[in-house]
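One structure is given here, and the rest of the page talks about it.
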Number of protein chains: 2
Amino acid sequence: MTSRYSDLDWLVINTIRTLAIDGVQAANSGHPGLPLGAAPMAYVLWTRFLRFDPADPHWPNRDRFVLSAGHGSMLLYSLLHLTGYDLPLDELRRFRQWGSRTPGHPESQLTPGVEVSTGPLGQGFGNGVGMAMTEAFLAATYNRPGHTLFDHYTYAIVSDGDLMEGVAAEAASLAGHLKLGKLIYLYDDNHISLDGPTDLTFSEEVLLRFAAYGWHTARVADGNNLDAIEAAIRESQAVTERPSLIAVRTIIGYGSPKAGTSKVHGSPLGADGVRATKQALGWDPDAHFFVPDEVHSYMQAARERGAMLRTDWHARLTAYAASYPAEARQLRRSLEGGLPDGWRAALPAFDASGGEVATREASGKTIVALHGTIPWLIGGSADLSESTRTPYTMTHSFQADAYHERVIWFGVREHGMGAVLNGMAAHGGVKPYGGTFLTFSDYMRGAIRLAALSHHPVVYVFTHDSIGLGEDGPTHQPVEQIAALRAIPNLWVIRPADANETVVAWQVALERSAGPTALILSRQKLPVFDRATMADAGGVQYGAYVLREAANGTPRIILMASGSEVALALQVQATLAERGVPARVVSFPCWEAFAQQPEAYRDTVLPPAVRARLSIEAGVAQGWERWVGNHGACVSVETFGASAPYQVLFQQYGFTVEHVVDQALAVIGRTG
Amino acid sequence: MTSRYSDLDWLVINTIRTLAIDGVQAANSGHPGLPLGAAPMAYVLWTRFLRFDPADPHWPNRDRFVLSAGHGSMLLYSLLHLTGYDLPLDELRRFRQWGSRTPGHPESQLTPGVEVSTGPLGQGFGNGVGMAMTEAFLAATYNRPGHTLFDHYTYAIVSDGDLMEGVAAEAASLAGHLKLGKLIYLYDDNHISLDGPTDLTFSEEVLLRFAAYGWHTARVADGNNLDAIEAAIRESQAVTERPSLIAVRTIIGYGSPKAGTSKVHGSPLGADGVRATKQALGWDPDAHFFVPDEVHSYMQAARERGAMLRTDWHARLTAYAASYPAEARQLRRSLEGGLPDGWRAALPAFDASGGEVATREASGKTIVALHGTIPWLIGGSADLSESTRTPYTMTHSFQADAYHERVIWFGVREHGMGAVLNGMAAHGGVKPYGGTFLTFSDYMRGAIRLAALSHHPVVYVFTHDSIGLGEDGPTHQPVEQIAALRAIPNLWVIRPADANETVVAWQVALERSAGPTALILSRQKLPVFDRATMADAGGVQYGAYVLREAANGTPRIILMASGSEVALALQVQATLAERGVPARVVSFPCWEAFAQQPEAYRDTVLPPAVRARLSIEAGVAQGWERWVGNHGACVSVETFGASAPYQVLFQQYGFTVEHVVDQALAVIGRTG
């Protein structure tokens, strides 16, 4: 059979390959193996299928491309450069250097055309699932007869490593369930991982596994057979009700002296290796970062095609807006990452006389209200909707026959959920959230970290936030999780004290665009504070605020607490007042927000002169020292919890008025 | 076909069921659904197959049973009680109460007969794989012709939730690769998860997926068909070169009014529901925690059979010891959790004149030495052996045809590795370790936490411990991970400063029996300190020690650092000395160990009078405030890293002599 591909195509492919190995060699660090082996499939995908416009990397209906095997970043950078993204050759020369836009692994916040930050294996796989879900949602929500605004594909190149990771397994199972037909993954099946041949640890039948998930699968026996790759992708596009995995058998480090071995996975080829590889590819061994003129002019076509596609889409959008102005406005706002006008109007308010309310419950009511006012709010939980109070519905959930719905059943797949949420946020047009027990935030930290690194404004609903969880016991009781989440840069952790603080916490989370927010919520009921006698819950936005000042004089001690322990602090304050000791209660739901306030504000909340300070939080004290200082103390939980009714646990762990009063008096005693 | 089971069998099964629902009802909290549905399969397994001795829960060759679906704990407690473990009926009555041995989810450290702590889904699944691997290793290592010491099975009951979790997927793939024929899992296939019918999110073909992993699979259409369950287990035993998954179709909450719905998954049945269920099961609705006499006497047989099996095994061991005294001694020591006499003799020592050594490198040399002296040390990495310097071998790794080997290829399966290590530690007879990049400790936190909770003495080899990782960039550079690990109760985190501290860190980790230890190691080379001019590296065992006192007078500041930053602290000390400022350098590798020292020792290292203190660690400062106090400061990394050569990064992030000297002088200035 005659190939539909010419020498020019191969010239481009070898340009990609040689740029990649030149980049790695210049950095003397990186992964040359993947680009050499996977360049042909990437080339076919990018030139024959992928709809993108280098001049507008954020054009909403572009196809998404994820390099889940992020270590092959030079493959992506080479493609971005050649297709005309704003990534000059000089950036490729500065691969892995300080201040460059070509970091070791792709970072979406740095480089135009990089859809998501990848490298930690399995994450990109899950991100793509989230993107395809979002496309399905937007198509179901906005497309109208004769007006197709969303119909893009989500493609990825995934590696053995991706497919070994549990996060990818979770996302794959979900994608199969949801029948995401526009999700097409190319599996760089090179039989080699970092340490050696995959058959030393990975002997499963991958395609059979994916068939079991409900995926369409295909195999390309030779990763250099461009026609076969193209045919497999076309075949996958034709399968509209199943995601596709195409295993493309490649030779890692193709063309290099160590091709087919793990030696070429994660180490530069060396100057001699680069020369030998170039010679094997018919390249001038003395040319570095060389792009032949005909390659430049040929790839110009990508820019032109992209511009045309985008222009066409914008024309469609204009026509759409004429027929569906309200929908078009909504779409525009959502794509900007904004919120609807007046979205706060429907937020619930809780009255102190209405009885106690768990903050998970207040959050649940808030979410329901927000679903009503923010049509692009979408989320769910990892099989804990009834517990986390994220919306619960069996009949109106996001399913293959109901892509317009906004309640997602993620299944018991926390890590997959985290990666999917990132993909949804990266896609744009939706505001995603996900919930589980706070303890199981551990399961999804890999994804939370990438949300923080990539500035994804995802909202996490983490409930059952302490030993207050009660009988389920220490396996389910978070102790260290709040501290561990606070340690993540650019993640905001908000632990509201009552129902009204919970509403404000949601506001803060939704208005935050610079990164993710974790809401930390109680299982147990908590008093709703009478704000007539206390400060407004709006103080949550400052991270910490004086909830109730000492009534009986200048405070001799500051009681600072978060979440369920704020009510205890108020009781302690009252008891201390009875004993003639003025104490201030500071509600301290969010360290990150407080740290960002001007020093003047911080000093009004925590006056430096008041050295007697006590933190009260049912978790490890780690880090509270920053706020209580040398002279202060922490009422905390430093060991794992136990299985018992929560009232018993709080007593056993010292969260009683008597014990905390004693601690407060001891601190005052020490500070004189 | 006539059943081989009688009314008496059903009487026991219904005793299990009613004990379970009585326990949940008494606690007014818990999960009645699983025990009602899964009691028949558990009964068949425990009475027809499982080899155990209630009088000696730790008998080494017992079959292992894991209730991976730990929320069904009352099923297990009922079985333990009826078969004669030291778990009186009163403990079942005190289900989920303070101080009981019947917590909400099984905890191995609390309850005899509970092999591992389960509840966080997927973990038990992975633990079982680790147990089966250990059995295979011990059998290959110790069994001799005519002397079979190890030939036990590992069984588990797993749920939909377990099978949705990525950690289980990872472990399953590994188990298939390793052809663990003695691993037999019963899948409680009840089509219901906490939130509702599994078909809302979990529509994959589970058995086909497991076949793809290389498992033998079987299906039992009716979970009340005892003969079919027995036949499926026998069939699975006959498949000796593949692990087995038997899907047993059950009705969740069988017999209860809400059978077959998610309502019966995680909530008590209520008094009326309990009555109705008992009536449906032919039970006296007014009897609570009732064990018929004939059940007691029938189950007595389990005790007798167990005692016989154990006695027989000990006779075998005696015979073995006569023929193979050295092996028997080794086995005994390993089962006690001990180490060989003189194991430290082969530990390497590093000379300051030998050039710089990365601590991962020093760790690697130490592991090689330890593999020589501790025949039961076994471990590996998650496809990063070359990087983490855990032993690397393609030809002598633990494989289906080489179960006697001690280097495991875990694959790119960090969470699976963590769960497997826990299972190995729980099994006993081995000393397990596992390695990956520190950043990816995030992926396995679920398992690390359970190691800490369950007191498993696992050793983690976490390398590439900071921005010092360099070019791979922020996706791979840990920033918050050290703090996040320190937050976990009962996990020791040790970050040695040089090669010799690394050796001591390994000693501390191996001698620790109360829980896991994480070694935090550098990628980059570090100076080997000249101990002739500094304190001995043995100080690591105290957590912190004065590495080099100020030469020029009483210290005006304490520089405390861990890992790669200790060398910087020494340079700063020297520069300060040139400027006439005496400074003390404290190497501070392990907070947890230091916190356990007597106050007198702590005060010698950190004299309260010296208020000027500076911590230097390339990670978030969170928690260092505890040691530096109000007047101190922290040189830290509070944002994500970047992709660049590590020397550039350390400079950009302020880890330079000049910058730290400035910080030190500022602190001194503030404290006067």
How big is the equivalent ellipsoid of chain B along its three axes, where each semi-axis is √(5λ) from the Cα gyration tensor, reported in whole Å from largest to smallest? 51, 27, 22
To test your reading of the geometry: what angle, between 0 and 90 degrees and rounded to tens, separates the Cα axis of helix A:445-454 from the longest principal axis of chain A? 80
Within region A:504-607, report the trypsin sites (Lys or Arg not before Pro) that DSSP leaves as loop and that have at most 14 other Cβ atoms within 10 Å. A:579
Using Cα centres only, tell me the gap between region B:63-78 and region A:29-68 in whole Å. 48
Note the distances from residue B:599 to each other copy's matching label point, with points 7 Å along the Cα-to-beta-carbon direction, in nm, sorted shortest first. 3.3
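Taking the Cα centre as origin and putting +1 on Lys and Arg beta-carbons and -1 on Asp and Glu beta-carbons, what dipole magnitude results for the protein assembly as shown, to the nearest 20 debye?
Details: 106 positive and 134 negative charges, 245 e Å.
That gives the protein assembly as shown a dipole magnitude of about 1180 debye.
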Please work out the Cα center distance from region A:407-440 to region B:369-427, rounded to the nearest Å. 33
Output, in nm with one decimal and in ascending order, the distances from the residue B:312 label point to the matching label points of the other copies (7 Å from Cα along Cα-to-Cβ). 7.6
Residue exposure sequence - B:604, A:390 - by fewest surrounding Cβ within 10 Å: B:604, A:390
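What is the magnitude of the charge dipole of chain B about its Cα centre, with +1 placed on the Cβ of each Lys and Arg, -1 on the Cβ of each Asp and Glu, and no other charges, expressed in debye to the nearest 20? All intermediate terms of the calculation are to be shown ahead of the outcome.
On the way: 53 positive and 67 negative charges, 180 e Å.
Dipole of chain B, to the nearest 20 debye: 860 debye.
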Taking every residue in A:158-167, how many Cβ atoms of other protein chains lie within 10 Å of its Cβ, on average? 6
Pairwise label distance in nanometres, residue B:536 with residue A:671, each label 7 Å out on the Cα-Cβ vector: 4.3
Of the candidates B:324, B:308, B:668, the farthest towards the positive dipole end of the protein assembly as shown (Lys/Arg Cβ +1, Asp/Glu Cβ -1, centred on the Cα centre) is B:668
Positive-pole candidate from B:65, A:208, A:641, dipole of the protein assembly as shown, charges at beta carbon: A:641
Any idea how far apart residue B:579 and residue A:143 come out in nm if each label point goes 7 Å out from Cα toward Cβ? 6.7
Would you mind checking the tilt of helix B:359-373 against the longest principal axis of the Cα atoms of chain B, expressed as 0 to 90 degrees and rounded to 10? 50
Note to self, the protein assembly as shown gives a 222 nm [θ] from helices alone (DSSP H runs n ≥ 4, -39500 (n - 2.57) apiece, / all residues, nearest 500) of -12500 deg cm²/dmol
What residue in chain B has the Cβ closest to the axis turning B into A, and how close is it in whole Å? B:166, 1
Given the candidates B:456, B:254, A:192, the one whose Cα lies deepest towards the positive end of the charge dipole of the protein assembly as shown, counting +1 at each Lys or Arg C-beta and -1 at each Asp or Glu C-beta, is B:456
Pairs A:179/A:431; B:365/B:525; B:258/B:278; A:179/B:263: which exceed 18 Å Cα-Cα? A:179/A:431; A:179/B:263
May I ask you to report, in nm to one decimal and beginning with the shortest, the distances from residue B:631 to the same position in the other copies, taking label points 7 Å along Cα-to-Cβ? 1.3
Using only Cα atoms, find the angle between the long axis of helix A:657-671 and the longest principal axis of chain A, and express it within 0 to 90 degrees, rounded to the nearest 10. 90
Debye log10 I(q)/I(0) for region B:537-671, one point scatterer per Cα, at q = 0.16 Å⁻¹: -0.76
Given just the C-alpha atoms of region B:343-520, how large is their convex hull per residue in cubic angstrom? 112
For region A:122-190, which semi-axes, largest first and in whole Å, follow from the square roots of 5 times the eigenvalues of its Cα gyration tensor? 26, 12, 8
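Placing unit charges on C-beta atoms (Lys and Arg positive, Asp and Glu negative, everything else neutral), compute the dipole magnitude of region A:7-307 about its Cα centre in debye, rounded to 20.
On the way: 23 positive and 34 negative charges, 60 e Å.
That gives region A:7-307 a dipole magnitude of about 280 debye.
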Fewest-first sequence of A:296, A:456 by Cβ atoms within 10 Å of each Cβ: A:296, A:456
Quick one: Cα centre-to-centre distance for region B:106-149 and region A:322-349, in angstrom? 55
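Taken together, the values in this text are just the output of simple stated rules run on the coordinates, not laboratory data. Since the model is a prediction, treat every value here as computed from it, not as a measurement. Don't worry about glycine lacking a Cβ; one is built from the backbone with ideal geometry, like all the others, and counts go over all protein chains shown.
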